[in-house]
Amino acid sequence: MSASPLRLDIVVNIRFPGPRAHGIQVAAMAEALAATGLVVDVVVPRRYPFVEMDPWAHYGVRRTFRVRRIASLDAIDLVKPSWQRLPFLAQSVSFGWRALARAAVERDAAILVRDHYTLRVLAGGLRDRDLLRVSAEVHDLPDSDVRRRQLIACLRSLPAIVTITHGLRDDLVAEGLDADKILVAPDGVDLAMFADLPSPQEARAHLGLPVNMKTIVYAGQLYPWKGVDTLVEAVGKLDDVRLVVVGGQRDDLERLATLTSKVARGKVTFCGQVPRQAVPFHLAAGDVLALPNSGTERISARYTSPLKLFEAMASSRPIIATDLPSLGEILEHGSNAHLVAPDDPAAMAAGISALFDDDIYAQRLALRAREDVENYTWAQRGERVARFLRDHLQVGAA
């Protein structure tokens with residue numbers, strides 16, 4: 001006898017709560033899926049050192065789901081970064097096997113897996129009838145041909161797959177997967193966080209930024225494929241323009257600070273990481289918001305669905321972004337954003353000038369983006385994913 005799932009384990013090998021966007025996505029989706037009537041457990045490792053922190057408060061979500069921590073062999077943070085590969089593998093293996101043990105016992109729960117290695121362990125260790133209740137959410141594909149083939153083999157054994165872009169879905173179909181078992185569900189936003197934002201001048205005054213200087217804001221991670229290097233170089237070409245950068249890890253901040261000292265000295269303010277609840281206020285400080293993704297890597301060009309994209313749209317500010325297939329699934333040049341060629345500082349600088357030089361055009365883009373983002377809330381995404389899982393997964397299959 002089989003039935004649609006009532007319980008759902010979201011299984012993901014991350015530090016939870018943590019500083020990165022995938023934790024926000026997991027928490028937001030757990031809340032959204034629970035709102036559809038599913039009983040949701042977020043299954044994560046107990047990481048070392050363990051910091052007692054309330055994940056619901058950290059992510060600003062309701063306490064409508066549970067967090068289940070399972071042990072893993074974690075020595076990652078006991079060694080310096082250059083030595084962390086083997087400890088990371090040991091932690092991944094131990095978490096995967098503990099997740100498999102839980103899945104073998106908790107047979108009344110459907111499973112949504114969020115990381116590749118844990119998926120490989122579950123796909124290889126569960127019986128075929130148990131795989132009927134397992135799904136995967138895929139955010140990228142490995143660059144290694146071997147690991148890519150291994151992932152595709154695992155996905156082929158599952159009845160349901162969620163991707164965040166059509167480009168990612170298309171690449172999976174090209175690998176031979178059935179398009180009918182793939183749902184494309186871009187990431188989303190909590191619109192309530194962006195209600196009643198102050199004017200750019202008010203937000204800048206509160207943050208101690210120059211009130212009357214034209215300001216661009218970027219918020220997010222600072223990995224090279226995020227393209228912030230190009231944005232810094234573009235700002236260096238402009239007069240009377242300031243860039244505010246929110247977020248980033250230490251190594252990336254150091255890289256960009258070095259670049260700034262060479263090409264944009266005195267024009268960039270680095271805010272570092274801020275609490276999630278403070279992000280809307282920092283975005284509000286911008287006259288223009290930037291998404292300068294690079295086109296040099298597949299994750300950026302085809303696979304990413306940035307949380308900050310939807311947050312920028314919700315902020316009612318004009319957006320300048322790079323013209324890439326991933327961003328183009330949501331943004332349209334001249335309609336809800338101004339798109340420019342990727343990895344081209346001169347094109348980025350010209351686009352920024354176009355927005356500052358034409359207030360009517362800039363405000364039209366901002367208003368349309370705010371209208372369009374109404375279709376990308378976490379609640380709507382949760383309803384779509386829950387319906388898809390109920391239609392495709394079978395719990396208690398004979």
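The values are calculated or read from the model by the stated rules, or taken from the named source; none is laboratory data. Everything numeric here is computed off the predicted structure, so don't read it as measured data. In this analysis, Cβ positions are derived from the backbone assuming ideal geometry, glycine residues included, and neighbour counts consider all displayed protein chains.
Yes or no, residue by residue, for (1) surrounded by fewer than 20 Cβ atoms within 10 Å (Cβ to Cβ); (2) more than 21 Å from the chain's Cα centre (by Cα):
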| residue | (1), (2) |
| --- | --- |
| LEU339 | no, no |
| ASP344 | yes, yes |
| LEU355 | no, yes |
| LEU365 | no, yes |
| VAL373 | no, no |
| VAL385 | no, no |
| PHE388 | yes, no |
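Are any residues in the range 198-231 among the hydrophobic types (A, V, I, L, M, F, W, C), within 28 Å of the chain's Cα centre (by Cα) and under 15 Å from GLY286 (Cβ atoms), and if so, which ones? Walk me through it before giving the result.
Within the range 198-231, the first condition is being among the hydrophobic types (A, V, I, L, M, F, W, C), and the residues that meet it are 203, 205, 207, 209, 211, 213, 216-217, 219, 222, 225, 228, 231.
Restricting the remaining residues to those that are within 28 Å of the chain's Cα centre (by Cα) gives 203, 207, 209, 216-217, 219, 222, 225, 228, 231.
Hits for the range 198-231 are ALA203, LEU207, LEU209, ILE216, VAL217, ALA219, VAL228, LEU231.
Condition first: within 16 Å of ALA234 (Cβ to Cβ) and β-branched (Val, Ile, Thr). Now tell me which residues in the range 270-291 satisfy that. Give the steps one after another, and end with the answer.
From the range 270-291, those within 16 Å of ALA234 (Cβ to Cβ) are 286-291; that's our starting set.
Once the filter is applied, which keeps residues that are within 16 Å of ALA234 (Cβ to Cβ) and β-branched (Val, Ile, Thr), the range 270-291 yields only VAL288.
Take the range 253-278 and flag every residue that is over 18 Å from the mean Cα position of the chain (by Cα), in contact (Cβ under 8 Å) with a residue 12 or more places away in the chain and in a helix (DSSP H, G or I).
Within the range 253-278, LEU253, ARG255, LEU256, ALA257, LEU259, THR260, VAL263 qualify.
Among the residues of the range 170-183, is any assigned to a strand (DSSP E or B), outside the structural domain of ALA301 (by TED's automatic domain parsing), under 24 Å from ILE24 (Cα atoms) and out of contact with any Cys (no Cβ under 6 Å at 6 or more places or on another chain)? Write out each step before concluding.
At the first step, the residues of the range 170-183 found to be assigned to a strand (DSSP E or B) are 182-183.
After this cut, where a residue has to be outside the structural domain of ALA301 (by TED's automatic domain parsing) as well, the list is 182-183.
Those left that are additionally under 24 Å from ILE24 (Cα atoms): 182-183.
After this cut, where a residue has to be out of contact with any Cys (no Cβ under 6 Å at 6 or more places or on another chain) as well, the list is 182-183.
Yes, the conditions are met somewhere in the range 170-183.
Can you pull out every residue in the range 73-115 that is free of Cβ contacts under 8 Å to residues at least 40 places away in the same chain, in contact with a helix residue (DSSP H, G or I) (Cβ under 6 Å, 6 or more places away or on another chain) and of a type in the set (Ser, Thr, Tyr)?
none
Can you tell me how many residues within the range 330-340 are in contact with an Asp or Glu (Cβ under 8 Å, 6 or more places away or on another chain) and under 16 Å from LEU355 (Cβ atoms)?
Step one: of the range 330-340, the residues in contact with an Asp or Glu (Cβ under 8 Å, 6 or more places away or on another chain) are 330, 333, 336, 339-340.
Remaining after also requiring under 16 Å from LEU355 (Cβ atoms): 333, 336, 339-340.
Count: 4.
Out of ASP343, ASP391, ASP372, I need the residue that is at positive phi and either of a type in the set (Asp, Glu) or in a strand (DSSP E or B) (or both). Which one?
On the way: ASP391 fails: at positive phi; ASP372 fails: at positive phi.
Selected residue: ASP343, the only one of ASP343, ASP391, ASP372 that is at positive phi and either of a type in the set (Asp, Glu) or in a strand (DSSP E or B) (or both).
Residue by residue through the range 14-47, note down the ones that are assigned to a strand (DSSP E or B) and hydrophobic (A, V, I, L, M, F, W, C). Spell out the reasoning first.
Going through the range 14-47, the residues assigned to a strand (DSSP E or B) turn out to be 39-45.
VAL39, VAL40, VAL42, VAL43, VAL44 - these are the residues of the range 14-47 that are assigned to a strand (DSSP E or B) and hydrophobic (A, V, I, L, M, F, W, C).
Got a number for residues in the range 237-249 being out of contact with any strand residue (DSSP E or B) (no Cβ under 9 Å at 6 or more places or on another chain) and either assigned to a helix (DSSP H, G or I) or over 17 Å from ASP343 (Cα atoms) (or both)? Give the steps one after another, and end with the answer.
Looking only at the range 237-249, we keep the residues that are out of contact with any strand residue (DSSP E or B) (no Cβ under 9 Å at 6 or more places or on another chain), and these are 237, 239, 249.
Keeping just the survivors that are either assigned to a helix (DSSP H, G or I) or over 17 Å from ASP343 (Cα atoms) (or both) gives 239, 249.
Selection size over the range 237-249: 2.
Identify the single condition in (1) exposed (fewer than 14 other Cβ atoms within 10 Å of the Cβ); (2) modelled with pLDDT under 95 that SER261 does not satisfy, given that it satisfies every other one.
(2)
Quick one: ASP196 ticks every box in (1) touching a helix residue (DSSP H, G or I) at 6+ places or on another chain (Cβ under 8 Å); (2) under 30 Å from ARG381 (Cα atoms) bar one, so which box is it?
Result: ASP196 passes all but (1).
The conditions are (1) in contact with a Leu (Cβ under 7 Å, 6 or more places away or on another chain); (2) in a helix (DSSP H, G or I), and MET193 fails exactly one of them. Which is it?
If we test MET193 against (1) in contact with a Leu (Cβ under 7 Å, 6 or more places away or on another chain); (2) in a helix (DSSP H, G or I), just (1) comes out false.
Could you grab me the full set of residues in the range 11-26 that are crowded, with 22+ Cβ neighbours inside 10 Å and either over 20 Å from ALA109 (Cβ atoms) or outside the structural domain of ARG62 (by TED's automatic domain parsing) (or both)?
Matches in the range 11-26: ILE24, GLN25.
For the range 123-137, enumerate the residues that are closer than 19 Å to VAL93 by Cβ, more than 24 Å from the chain's Cα centre (by Cα) and surrounded by 21 or more Cβ atoms within 10 Å (Cβ to Cβ).
ALA123
Within the range 240-258, which residues are surrounded by 14 or more Cβ atoms within 10 Å (Cβ to Cβ), touching a helix residue (DSSP H, G or I) at 6+ places or on another chain (Cβ under 9 Å) and either of a type in the set (S, T, N, Q) or at negative phi (or both)?
Within the range 240-258, VAL241, ARG242, LEU243, VAL244, VAL245, VAL246, ASP252, ARG255, LEU256 meet the criteria.
Check ALA110, ALA57 and return the single one that is assigned to a helix (DSSP H, G or I) and assigned by TED's automatic domain parsing to the domain that holds ILE24. Show your work before the answer.
Numbers: ALA110 fails: assigned to a helix (DSSP H, G or I).
Testing whether each residue is assigned to a helix (DSSP H, G or I) and assigned by TED's automatic domain parsing to the domain that holds ILE24 leaves just ALA57.
Quick check on my filter: what residues within the range 344-398 are hydroxyl-bearing (Ser, Thr, Tyr) and under 30 Å from ILE182 (Cβ atoms)?
Quick first cut of the range 344-398, residues hydroxyl-bearing (Ser, Thr, Tyr) only: 353, 361, 376-377.
Passing the criteria: TYR376, THR377.
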